[in-house]
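For reference, the structure is listed below as structure tokens.
The values are calculated or read from the model by the stated rules, or taken from the named source; none is laboratory data. These figures come from a predicted structure and were not determined experimentally. With ideal geometry, Cβ positions are generated from the backbone for all residues, glycine too; neighbour counts draw on all protein chains shown.
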Amino acid sequence: MNSDNTMKQGSEVIIDRILQLSNDIFHSIRLTIPAEWLTSDMTIAQLRVLLFLYTEGPSSMSTIALAIKISLPTITGTVDLLVKKNLVTRKDDPEDRRLVICSLSPEGQEIINKMWTLGRLQMQKMLQGLSILELTKAYEVAQILLRNVQAIANEF
């Protein structure tokens, strides 16, 4: 076996170990989930639309459907429900009246902001209690991951 193959197999083993640790961390922390989220009538498809609009900004129905791999009729119904819940707004594209552009409403933005804030608080809890040396290592790993994500951003 050549050294490239050995290094690739070694990388795969380490990646598997990191993923297992991530799984262990996830199962070890007590996630704080607001009660209103547990009783929400929002579907996964609706949440995916909100997340897409948050990350990509105003988009046409066909762009959303293509990105989250849902048929155009299904995405239309999903967006209709989000509009009724005041989480998404729709308007005609001024350059092409046949296109409908969807955007997060202020209420939709607030829901996504709460999710990010909750995730940030969970990360903060995980980091508290680490020594300066451990925090420095965690910071270095975060920088490495960011560089790698930025380098392969077009693959996502």
Any residue at all in the range 55-69 that is modelled with pLDDT under 95, within 28 Å of PHE26 (Cβ to Cβ) and surrounded by 13 or more Cβ atoms within 10 Å (Cβ to Cβ)? yes
Given (1) in a helix (DSSP H, G or I); (2) loosely packed, with under 11 Cβ neighbours inside 10 Å; (3) of a type in the set (D, E, K, R), where does GLU110 come up short, assuming only one miss? (2)
Taking the range 42-77 and keeping residues closer than 22 Å to PRO106 by Cβ and of a type in the set (Gly, Ala, Ser) leaves ALA45, GLY57, SER59, SER60
Boolean, LEU81 is more than 18 Å from GLY57 (Cα to Cα) and surrounded by 14 or more Cβ atoms within 10 Å (Cβ to Cβ): yes
Hey, any hits in the range 114-131 for a residue that's among the hydrophobic types (A, V, I, L, M, F, W, C), in a loop (DSSP other than H, G, I, E, B) and without any contact (Cβ under 8 Å) to a residue 40 or more places away in the chain? yes
Which pairs turn up if I take residues in the range 21-35 that are surrounded by 10 or more Cβ atoms within 10 Å (Cβ to Cβ) and look for partners that are at pLDDT 80 or above and not in a loop (DSSP other than H, G, I, E, B) with beta carbon separation below 9 Å, at least 6 apart in sequence or on another chain? ILE25/MET126; ILE29/GLN122; ILE29/LYS125; ILE29/MET126; PRO34/LYS114; PRO34/LEU118
